[in-house]
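Presented below is the structure to which this report refers.
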Amino acid sequence: MESTDVWRVRLDPWGEDDFWLLRRNNSAEMTEHLGGPETEERLAARHRRYLGLDSGRMYRVTLADTGQAVGVVGFWERTWEGAAVWETGWGVLPEFQGRGLAARAARAIVTEAAAAGSRRYLYAFPSVLHHASNAVCRKAGFELMGTADFEYPEGHWITSHVWRADLGPR
Ligand SMILES: CC(C)(COP(=O)(O)OP(=O)(O)OC[C@H]1O[C@@H](n2cnc3c(N)ncnc32)[C@H](O)[C@@H]1OP(=O)(O)O)[C@@H](O)C(=O)NCCC(=O)NCCS
């Protein structure tokens with residue numbers, strides 16, 4: 001049966017041509033809870049990092065029906081409370097926000113991280129002030145573990161909620 005759900009998303013591995021998406025994600029509006037826009041140099045380094053991740057993976061979020069790019073999502077390694085875990089983050093372009101796309105991308109990235117196999121937990125650390133991103137965590141089935149303070153970027157302290165998705169025994 002043909003689907004009428006035009007907001008289904010697909011994750012495509014990050015590609016050489018996706019730098020424009022990082023540029024769009026780097027506006028004052030999009031980085032309000034992330035310490036503000038990065039310099040062009042840092043953005044280019046981010047692009048190279050996204051392309052070259054050994055462990056974890058970054059994706060372009062696209063609409064499944066049309067292939068139109070709507071955002072960025074991914075997972076990467078970090079150590080948290082002494083354990084090797086995955087961390088995730090997401091961004092949806094302003095003109096596509098408020099349609100449930102980030103929540104769908106977050107559910108999809110839980111599936112991808114689970115398939116990666118090696119680490120049991122996927123964490124997200126949105127600022128306590130970032131209502132939309134905290135709502136995304138809740139909608140995608142993450143469990144709220146508490147709060148933590150982070151210095152990101154350097155010199156800029158934020159208090160974040162600690163959200164965790166259990167990917168199952170490894
Ligand atoms: C956070 C972000 C990805 C949300 O994208 P989105 O596609 O609009 O999110 P969704 O449509 O899936 O909405 C998820 C939930 O957030 C809620 N929400 C969306 N915008 C909101 C806002 N401004 N204030 C409060 N809640 C909001 C929605 O209502 C929804 O919850 P509900 O279904 O329970 O009502 C998007 O705002 C963004 O890209 N921001 C800039 C980058 C960023 O900060 N990324 C997160 C880093 S931690």
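The values are calculated or read from the model by the stated rules, or taken from the named source; none is laboratory data. Since the structure is predicted, the reported quantities are computational estimates derived from the model, not experimental observations. Reconstructed Cβ throughout: ideal geometry from the backbone, glycine too, with neighbour counts over all protein chains shown.
Key figures for this structure:
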quantity: Number of positions in segment 145-170 that are touching a residue at least 40 places away in the same chain (Cβ under 8 Å) and either charged (D, E, K, R) or under 15 Å from G91 (Cα atoms) (or both); calculated: 3
quantity: Members of segment 147-170 that are assigned to a strand (DSSP E or B), over 24 Å from T111 (Cα atoms) and of a type in the set (D, E); calculated: D149, E151
quantity: Positions within segment 1-41 being free of Cβ contacts under 8 Å to residues at least 24 places away in the same chain and farther than 24 Å from P126 by Cβ, in sequence order; calculated: M1, E2, T4, D5, D17, W20, E40, E41
quantity: Count - residues of segment 121-147 that are surrounded by fewer than 18 Cβ atoms within 10 Å (Cβ to Cβ) and over 23 Å from E38 (Cα atoms); calculated: 9
quantity: Any hit, segment 143-161, residues being closer than 30 Å to D65 by Cβ and either modelled with pLDDT under 95 or in contact with a strand residue (DSSP E or B) (Cβ under 7 Å, 6 or more places away or on another chain) (or both); calculated: no
quantity: Subset of segment 93-107 [surrounded by fewer than 17 Cβ atoms within 10 Å (Cβ to Cβ) and either touching a Gly at 6+ places or on another chain (Cβ under 6 Å) or not in a helix (DSSP H, G or I) (or both)]; calculated: Q97, G98, R99, G100
quantity: Qualifying residues in segment 68-87 (those that are of a type outside the set (A, V, I, L, M, F, W, C) and touching a strand residue (DSSP E or B) at 6+ places or on another chain (Cβ under 8 Å)) - the one nearest to the ligand (Cβ to nearest atom); calculated: G71
quantity: Some residue of segment 108-119 being within 6 Å of the ligand (Cβ to nearest atom) and either buried (at least 18 other Cβ atoms within 10 Å of the Cβ) or assigned to a loop (DSSP other than H, G, I, E, B) (or both); calculated: no
quantity: Test result for W90, over 19 Å from Y59 (Cα atoms), within 10 Å of the ligand (Cβ to nearest atom) and in a strand (DSSP E or B); calculated: no
quantity: Single residue of L21, L34, L93 found to be at pLDDT below 95 and within 15 Å of the chain's Cα centre (by Cα); calculated: L34
quantity: Candidate set: segment 120-144, residues that are more than 10 Å from the ligand (Cβ to nearest atom) and free of Cβ contacts under 8 Å to residues at least 40 places away in the same chain; chosen: the one nearest to W7 (Cα to Cα); calculated: G141
